[in-house]
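Asker: Quick one: the structure is below, and I'll ask about it shortly.
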Amino acid sequence: MNIIERYESEVRSYSRGFPVVFTKAKGAILTDRDGREYIDFFAGAGALNYGHNDEALKQKLIDYIAGDNITHSLDMATEARERFLEAFHDIILEPRGMDYKVMFPGPTGTNCVEAALKLARKVTGRRTIVSFTNAFHGMTLGSLAVTGNAFKRKGAGKALDDTVFMPFDRFMGEGVDTLDHFENMLTCSSSGLDHPAAVIVETVQGEGGINAAGMDWLKRLQSICRAHDIKLIVDDVQAGCGRTGTFFSFEPAGLDPDFICLSKSIGGYGLPMAITLIKPEFDKFAPGEHNGTFRGNNPAFVTATAALETYWRDDKFACSVREKGETIRARLEEMAAAHPELKPEVRGRGFMQGLALHVDGAAEDVSAAAFERGLIMETSGANDEVAKLLPPLILSEDELRRGLDIMADAVAAVAR
Ligand code: PMP
């Protein structure tokens, strides 16, 4: 038994799926203790959009630490925080005509979701939140209450209430309009739906199975929210920071959410960081009303600022993500066409795509076969039915091609 198996609790999951000890990482490549290299199609569950140890980000971090600058500061004002806010305004918000307050709610994705949910309840004075089937928003009690997965919910050991789940996009089936259903629930006086404070939505459900909502569906969802004075929260923790080909995943739908949740890749270097973007009129927390010790992770502000300055000053980077996203699409379509016996279905957008295989255990077998061949990819979906591609956005065309070749080989091996 190795030391990990001996001492770590049963909760570990990724170290079971990828049973080696990793030592180094650069760009899109991870290396294990035996010197074996793996192409990384997992990217820290979407926290490493700019890859491992990006040179520009690393140098800023080294300089910052070498200069005895401030590491931890709760929500005190620091220069690193000030520079991040300036860069986020100049590079992200202003060019998109967006006006938001930026809140630092704590270090992780679940923290920015909790803040948005609490604030939506506070400004409306209502309790009910509408979420969607297959949604994933985090593991603390508020965000777990809006997460659909029964396996994850049951550990709460208490009622997770005040949430109503609606079917996500096409999940009610062909020809059935889920938003007609939602509107009926809102307008019918005996639907049993208490008037909601907010709707929370991922434009592409990551953990729930790479389910991409249609742009028209998202637009209509927003207009229903507006018409009924319901706040719209977009959880862009996984789909944001460029993963789908634009900085915010909802840009192609032209949404104007009341609250936006960002984490994972916002820190740029894999350092914990989260922000909740709040329409100024809803900035209603009193000082200290929602706080947390690790709201001032200055090294993360430094790498977050460097990531914005390096990758988002123009549209070149986003363009390359969209182009490579087309390559991923085409290759997944080929894999699906070659193996109808696996009942395949291509899902997702940009660098957030997947191959759903409607044969029990097939996606997990693809992930295992890919790992044996030097590719790291996870599964997602209610029954782990999706082989999920989440590569770093910076990977080269050659790395992308090699990774997709390995995946195609793994799919063929599972189909045999
Ligand atoms: N929202 C979404 C859409 C996520 O994918 C995740 C994490 N997978 C979270 C929230 C929670 O983030 P964290 O694990 O950092 O708390």
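The values are calculated or read from the model by the stated rules, or taken from the named source; none is laboratory data. Keep in mind the model is a prediction, meaning the values are calculated, not measured. Cβ coordinates were reconstructed from backbone atoms using ideal geometry, including for glycine residues, and neighbour counts include every protein chain displayed. Heads up: the accessible areas ignore ligands, DNA and RNA and are worked out on the full protein's heavy atoms, side chains in. Shrake-Rupley method; radii C 1.70, N 1.55, O 1.52, S 1.80 Å.
Asker: Starting from residues that are within 16 Å of the ligand (Cβ to nearest atom) and not in a helix (DSSP H, G or I), keep the ones in the stretch 42-55 and report whichever is nearest to Leu308 (Cα to Cα).
Answerer: Restricting attention to the stretch 42-55, the residues satisfying the condition of being within 16 Å of the ligand (Cβ to nearest atom) are 42-49.
From what's left, not in a helix (DSSP H, G or I): 42, 47-49.
Numbers: Phe42: 21, Ala47: 15, Leu48: 14, Asn49: 12 Å.
So the residue we want is Asn49.
Asker: What is the one condition in (1) in a loop (DSSP other than H, G, I, E, B); (2) in contact with a strand residue (DSSP E or B) (Cβ under 8 Å, 6 or more places away or on another chain); (3) away from the ligand (no atom under 12 Å from the Cβ) that Tyr269 does not satisfy?
Answerer: Answer for Tyr269: the failing condition is (2).
Asker: Within the stretch 346-374, how many residues turn out to be closer than 30 Å to Phe250 by Cβ and under 21 Å from the mean Cα position of the chain (by Cα)?
Answerer: Number of matching residues: 13.
Asker: Any residue in the stretch 351-358 that is of a type outside the set (A, V, I, L, M) and more than 24 Å from Ala28 (Cβ to Cβ)?
Answerer: Taking the stretch 351-358 and keeping what is of a type outside the set (A, V, I, L, M), we get 351, 353-354, 358.
Narrowing the set further to residues that are more than 24 Å from Ala28 (Cβ to Cβ) leaves 358.
Within the stretch 351-358, one or more residues are of a type outside the set (A, V, I, L, M) and more than 24 Å from Ala28 (Cβ to Cβ).
Asker: Name, by its number, the condition in (1) in a helix (DSSP H, G or I); (2) within 17 Å of Cys241 (Cα to Cα) that does not hold for Lys58.
Answerer: Only one criterion is unmet by Lys58, namely (2).
Asker: Considering each residue of the stretch 224-257, count those that are assigned to a loop (DSSP other than H, G, I, E, B), away from the ligand (no atom under 13 Å from the Cβ) and open to solvent by 10 Å² or more (accessible area, probe 1.4 Å), and give that number.
Answerer: Matching residues across the stretch 224-257 total 6.
Asker: Anything in the stretch 108-148 that is open to solvent by 10 Å² or more (accessible area, probe 1.4 Å), assigned to a helix (DSSP H, G or I) and within 12 Å of the ligand (Cβ to nearest atom)? List them, or say none.
Answerer: Gly109, Thr110, Asn111, Glu114, Gly142
Asker: Might you check whether a residue that is in contact with a Ser or Thr (Cβ under 7 Å, 6 or more places away or on another chain), within 15 Å of the ligand (Cβ to nearest atom) and either among the basic types (Lys, Arg) or under 24 Å from Phe351 (Cβ atoms) (or both) occurs anywhere in the stretch 287-301?
Answerer: No, because not a single residue in the stretch 287-301 is in contact with a Ser or Thr (Cβ under 7 Å, 6 or more places away or on another chain), within 15 Å of the ligand (Cβ to nearest atom) and either among the basic types (Lys, Arg) or under 24 Å from Phe351 (Cβ atoms) (or both).
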